Amino acid sequence: QVQLVESGGGLVQPGGSLRLSCAASERIFSIYAMAWYRRAPGNQRELVARITSTNNTYLADSVKGRFTISRDNAKNTVDLQMNSLKPEDTAIYYCNVMGPRYDYWGQGTQVTVSS
């Protein structure tokens with residue numbers, strides 16, 4: 001079973017930056033898309049950013065201009081660069097990798113934006 005491991009979360013002040021990384025435990029083939037979701041306390045999980053196998057990207061309106069998603073196909077990693085962080089970005093962030101017959105999720109990494 002493939003495992004996804006997220007790293008890079010933590011506590012940051014408003015206006016600060018964090019970079020989340022997600023790595024797979026083994027090589028994954030035929031990936032459709034890699035994505036980052038988040039779940040804030042009391043809210044449903046929401047899609048933050050997605051990047052496809054052809055490098056088409058999607059960013060939620062709430063993070064456009066502040067977050068960037070990138071991937072390394074050879075390493076099966078996906079990163080989320082988060083700049084100008086706001087308190088409302090506080091959430092658990094989850095990595096997701098989806099393919100024709102699989103849908104893998106990481107355990108999540110906490111991001112807290114607070115002064």
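A few comments on the model shown:
- Of all residues in the stretch 76-87, those that are at positive phi have Cβ atoms under 7 Å from Cβ atoms of residues that are basic (Lys, Arg) and at pLDDT below 95, 6 or more apart or on another chain, in ASN76/ARG27.
- Residues of the stretch 73-106 satisfying the condition of being touching a Pro at 6+ places or on another chain (Cβ under 8 Å) and open to solvent by 60 Å² or more (accessible area, probe 1.4 Å): LYS86, PRO87
- Residue check for ILE28: assigned to a strand (DSSP E or B) and open to solvent by less than 20 Å² (accessible area, probe 1.4 Å): no
- Residues of the stretch 31-72 classified as open to solvent by less than 50 Å² (accessible area, probe 1.4 Å), in a strand (DSSP E or B) and not charged (D, E, K, R), total: 14
The values are calculated or read from the model by the stated rules, or taken from the named source; none is laboratory data. Since we're looking at a predicted model, the values are computed, not measured. Heads up, the Cβs are rebuilt from the backbone with ideal geometry, glycines too, and the neighbour counts pull from every protein chain shown. Each accessible area value is taken on the protein alone, full model and side chains, heavy atoms only, with ligands, DNA and RNA left out. Shrake-Rupley method; radii C 1.70, N 1.55, O 1.52, S 1.80 Å.
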